[in-house]
Amino acid sequence: MAKPDNNAKREERQEEEKADKKLLLVIDGAKLECKLCTNPLGLLKVNFDTPTTQGKKTATVKEKDKKSLIFMGTCTKSPNSASPCAAVMQLGEWKDTGTVLIQDQKPLLQQSTIMCNYGGTEIKITDSGQINIPEAMNINGAPVPETEKTLTNGHFYNEDGTFEGKVDVKTNNGSVNDVYTCTGKSKEKNKEGKEIDVYNGIVLLKENDVNITKSDFNYIAYVVMNESGETDFKELKCIAYTSYNRAKKTSVKWKKLLSTTYSSVPNKKELTTSSNNEKSKLTRKALFYVLNGENDLTKGAEFWDGTDFLAWGNSETNPYNKLGQNKFDEYKFIEIPKDIYDSFLSANGASARYGDKSNHDKKNDSGNHEHIKKKIKKKITDADGKFVLDKNGKPTFEEVEVPSKIKYKIPASDFEDQNYWTSGSFYYETGVTTAYGISGTINAGKSIFWKRTKTRLTSETSIKK
């Protein structure tokens, strides 16, 4: 009688266990692998509020950014392998996931993979995070056990910026002044059988690891919204990120910075919580974008300027009887990459008009701007300053010309001077003695956004095409 092949049985059992592991639910703390990272072992952090498995939050397909997939090395596909993975990571969609829904999202399984489009490689899950599981459960199409939801106080906004509602119940966790994003709400019954609103997929918003309050959030939203010209999501994101960057750089709270002269918005106040017009919603989305740590499209900008920068340059007497735009007096150099300049110029048209308050000193009125007058009717006075009356005893009038607008050609002559374009980008040394210059990083709406830098970022020599 032949002896049983124990090695073959062992290998068969190992293959079965390996197949079972592929179908394990992935939880917070799961291990990842990216072969293009100099430190290929990564960690999966579950940031969205989901039911737990083994006491840890269950991962779903919503976990697909640098806050969820954490790698501490640099990408070998980046120039000189020098860029941190978190800075260049470009993730696609999760594949081979479970089919049952958790919080309206498909769950991740240990077999799930996601493509990093920057490196062109798949990121794999090497360990689900579960421990001491005697038997794996195939959850494809299987019901997920009900788990008691933690009820939370706060103000809740849908991810599209729509205000969904607030909760303030003594027995709940958290404060009504906390702010959350959510994926919608549903009606459920609590322990007492009373129907209540339950907000799904909630994410708590924090500024520098501290819960942002409803009051601060609404104040910041109002200022950012009114700093923007059109209803332009890109511009709103840039203004939000730029002001956030400046607050962080100067170690002040975001709201406090915006309450100063850093922002020229008059009569600052809080945006109404329930305001759901398009610009209000897009502004909130822009704040979510910043507070959730999404990619900073301004590349670290701390300031911005609008049409006046192009209209006044450093050669036009501005409406306040000062030569040029302030940035030319504040920084040692100003540089703008050609593509950003072209976009900025195109957004601002051929001319701009500003109110004329008769501030200009005609002897020192520099530049090519035009003073436009308008005709008005003015009461006639005599030598004593008294009104001259007609035969019916009513004041008499005469037609006179008064200052109305100052029209500036765009761009100012500085930007057409080829001496500032020798490298292919605009580069202007101001002669101001200070440590920093500024570099334009992006155009959005009618604005250009500036990064402070001690050394120029554009090439000093023209790139041959």
_Given the options LEU205, LEU282, LEU236, name the one that is within 16 Å of the chain's Cα centre (by Cα) and over 28 Å from ALA347 (Cα atoms)._
LEU205
_Close pairs (7 angstrom Cβ cut-off, 6 or more residues apart or separate chains): loosely packed, with under 14 Cβ neighbours inside 10 Å in region 353-374, of a type in the set (Lys, Arg) and at pLDDT 90 or above anywhere_ = GLY355/LYS405; ASN368/LYS409; GLU370/LYS407; ILE372/LYS405; ILE372/LYS407
*asked:* Between GLY184, GLY161, GLY129, which is modelled with pLDDT under 90 and under 23 Å from the mean Cα position of the chain (by Cα)?
replied: GLY184
_Lone unmet requirement of (1) among the polar types (S, T, N, Q); (2) surrounded by 15 or more Cβ atoms within 10 Å (Cβ to Cβ); (3) modelled with pLDDT of 90 or more for GLN90_ = (2)
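Conditions (1) modelled with pLDDT under 85; (2) on the phi > 0 side of the Ramachandran plot; (3) not in a helix (DSSP H, G or I), marked per residue:
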{"site": "LYS3", "(1), (2), (3)": "yes, no, yes"}
{"site": "ASN7", "(1), (2), (3)": "yes, no, no"}
{"site": "ASP20", "(1), (2), (3)": "yes, no, no"}
{"site": "LYS35", "(1), (2), (3)": "no, no, yes"}
*Could you tell me whether PHE309 is within 30 Å of GLU370 (Cβ to Cβ), buried (at least 21 other Cβ atoms within 10 Å of the Cβ), at pLDDT 95 or above and more than 18 Å from the chain's Cα centre (by Cα)?*
yes
_helices (runs of 4 or more DSSP H) within region 227-342 that include 1 or more residues in contact (Cβ under 8 Å) with a residue 40 or more places away in the chain and polar (S, T, N, Q)_ = 233-249, 278-291, 307-312
*Are any residues in region 304-321 within 15 Å of VAL224 (Cβ to Cβ) and in contact with a helix residue (DSSP H, G or I) (Cβ under 7 Å, 6 or more places away or on another chain), and if so, which ones?*
TRP304
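The values are calculated or read from the model by the stated rules, or taken from the named source; none is laboratory data. Just so we're clear, the structure is a prediction, and the values are computed from it rather than from any experiment. Positions of Cβ are backbone-derived with ideal geometry, glycine not excepted, and every protein chain shown enters the neighbour counts.
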